[in-house]
Structure formats: structure tokens, C-alpha cells
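Asks: What follows is a structure written as C-alpha cells; I'll ask about it next.
Bear in mind that the values in this text are calculations on the coordinates, not laboratory data. This structure is a prediction, so every number in the text was calculated from the model and none was measured. FYI the Cβ positions are ideal-geometry reconstructions off the backbone, even for glycines, and counts take in every protein chain you see.
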Amino acid sequence: MSTVLPPRGIRNNNPGNIDRTSERWQGMAADQSSDPRFVVFTAPVWGLRALAKVLLSYYRKRGLNTVEAIIGRWAPSVENNTSAYAQAVARAMDVAVRDELNIEHPDVLALLVEAIVRHENGQQPYPADLIDQAVRLALE
């Protein structure tokens with residue numbers, strides 16, 4: 001009988017599947033050897049926070065304020081079906097892909113994070129209070 005492993009993003013406590021770069025994230029595990037591509041975090045809250053921080057940087061620094069624009073940057077078409085990804089996220093958030101979002105609002109950012117986690121991993125296993133904690137940390 002084989003054991004089914006959780007998705008890579010869940011195993012890495014990096015449910016957004018953030019690529020490893022020179023960036024040193026808060027909560028990043030000292031040992032990154034378990035994954036050759038993606039950041040490994042010590043706990044889910046830190047991976048969720050990092051996801052929210054990246055999304056906030058798109059909003060604040062690049063002016064990306066629609067699901068279509070945010071997902072176009074988050075999941076470029078060279079690796080993803082960006083249109084389908086944006087549609088899935090918009091549907092999960094109950095908005096249209098081109099509706100303007102204020103992701104500085106914690107509830108909106110939490111919905112966006114949850115939708116991306118579900119799309120990246122095929123599941124969203126985290127309780128609302130953990131997502132809310134990560135969003136609060138990202139907005140600090």
C-alpha cells in the first residue's frame with residue numbers, strides 16, 4: 001500500500017510555491033535542501049505570509065489590482081494556463097477577472113490567498129484563523 005504525499009507546496013509550508021531566490025524570507029527554513037526549486041518554510045503561517053507579501057508588492061509597487069493582472073504576474077503563461085488560473089481564482093473570490101480589488105483590505109487579501117493556495121495545491125487545508133494571521137503579518 002502506497003502512502004499519498006501531500007502536494008509539494010503543503011509539504012514545503014510554501015502553499016504559493018514561491019521560487020527560491022536570494023530573498024531571505026521570515027520563517028524560511030535554514031535547510032533548503034529538501035526542494036531544489038521552491039522555498040521551504042518552517043511553518044505554514046510563514047509560507048502564507050510570504051504569498052501575501054508578494055501579492056501586496058504586486059499591488060503596491062506595480063499597481064496590479066485585478067485578478068487577471070495579479071495572476072498574470074504570479075503565474076506567467078510560460079509555465080501556466082494563466083487565463084484558466086485567473087478564472088478559477090476569480091470564481092473562488094466571487095468576482096470577475098477584471099474587477100478592481102483592494103487587497104490592502106484583509107478580507108480581500110485572505111480570499112485571494114485562499115484561492116491561490118487551492119489552485120496551486122488542489123486543496124486549501126488551512127483554517128481561516130491561520131490565513132488571517134498570515135495576512136495580518138503581511139500587512140504589518
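Asks: To test your reading of the geometry: what angle, between 0 and 90 degrees and rounded to tens, separates the Cα axis of helix 82-93 from the longest principal axis of the chain?
Replies: Compared with the principal axis, the helix lies near 80 degrees.
Asks: About the Cα centre, and with charges only on the beta carbon of Lys, Arg (+1) and Asp, Glu (-1), how big is the dipole of the chain? Nearest 20 debye, please.
Replies: 360 debye
Asks: Turning to a different aspect of this structure: Just from its helices, what would the mean residue ellipticity at 222 nm be for the chain, if runs of 4 or more DSSP H residues each count -39500 (n - 2.57) and the sum is divided by every residue, rounded to the nearest 500 deg cm²/dmol?
Replies: -15500 deg cm²/dmol
Asks: If you take every residue apart from VAL135 with its C-beta less than 13 Å away from the C-beta of VAL135, what net charge results, scoring Lys and Arg +1 and Asp and Glu -1?
Replies: -3
Asks: Now, a different point. How far, in nm, would the chain grow between SER77 and LEU5 when pulled straight, counting 0.36 nm per residue and subtracting the alpha carbon separation?
Replies: Gain in length upon complete extension: 23.2 nm.
Asks: Determine ³J(HN,Hα), in whole Hz, for all residues of region 24-32 in sequence, where each value follows from phi through the Karplus function 6.51 cos²θ - 1.76 cosθ + 1.60 and θ = phi - 60°; x replaces Gly and Pro.
Replies: Karplus-based 3J(HN,Hα) across region 24-32 equals 9, 7, 4, x, 6, 5, 5, 9, 9 Hz.
Asks: Working out 0.36 nm times the residue gap between ASP94 and ASP19, then minus their Cα-Cα distance, what length gain in nm do you get to one decimal?
Replies: Result for the pair: 24.2 nm of gain on full extension.
Asks: Can you check how the C-alpha radius of gyration of region 22-93 compares to 2.2 N^0.38 Å, as a plain ratio?
Replies: Its radius of gyration relative to the 2.2 N^0.38 Å reference: 1.24.
Asks: Counting trypsin sites (Lys or Arg not before Pro) as exposed when in a DSSP loop with at most 16 other beta carbons within 10 Å, what is the longest stretch of the chain free of them?
Replies: 38-97
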